1. Rounded if a/c is under 1.5, else prolate if a/b is larger than b/c, else oblate: which is the range 3-58, with a ≥ b ≥ c the root eigenvalues of its Cα gyration tensor?
2. How large is ³J(HN,Hα) for each residue in the range 39-44, as worked out from phi by the Karplus curve 6.51 cos²θ - 1.76 cosθ + 1.60 (θ = phi - 60°), to whole Hz, x for Gly and Pro?
Amino acid sequence: MDKITNAKTEFRLKQWSKIIQACQTSGMTVVSWCSQNNVKIKSYYYWLRRIRTLACETGSLVPQKPEQEIVPVPFHQTKVSAAVTIHLPSFCVDIHDGTSRETIEAVLSALKSIC
């Protein structure tokens, strides 16, 4: 494939991956979601099959370019303890030193609306 065709295919795969993910996370049936979002059901299943096939063949949703080489990067994890930990029945929130005031306020506001 030439570069333009490759780029178009990669773009479509990414675009349809987002569409399929949106449908699958919507909690709706495929038929209902497609109807509501003006997506043809045949197109949805065509691209779902293409994406799944590509993922099975390459382990990736986007075709790998032959000139790309995967180079392992060493990762050193350092244990950082949280300054504040909030334990709730269904989850925990860790707030680390240096967290901005805006972020903390947003988290607390979200917790307030949930609890």
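A short reminder: the numbers here are calculations on the coordinates, not readings from a lab. Since the model is a prediction, treat every value here as computed from it, not as a measurement.
1. It comes out prolate by the Cα gyration axes.
2. So the J values, rounded to whole Hz, are 10, 6, 4, 4, 5, 4.
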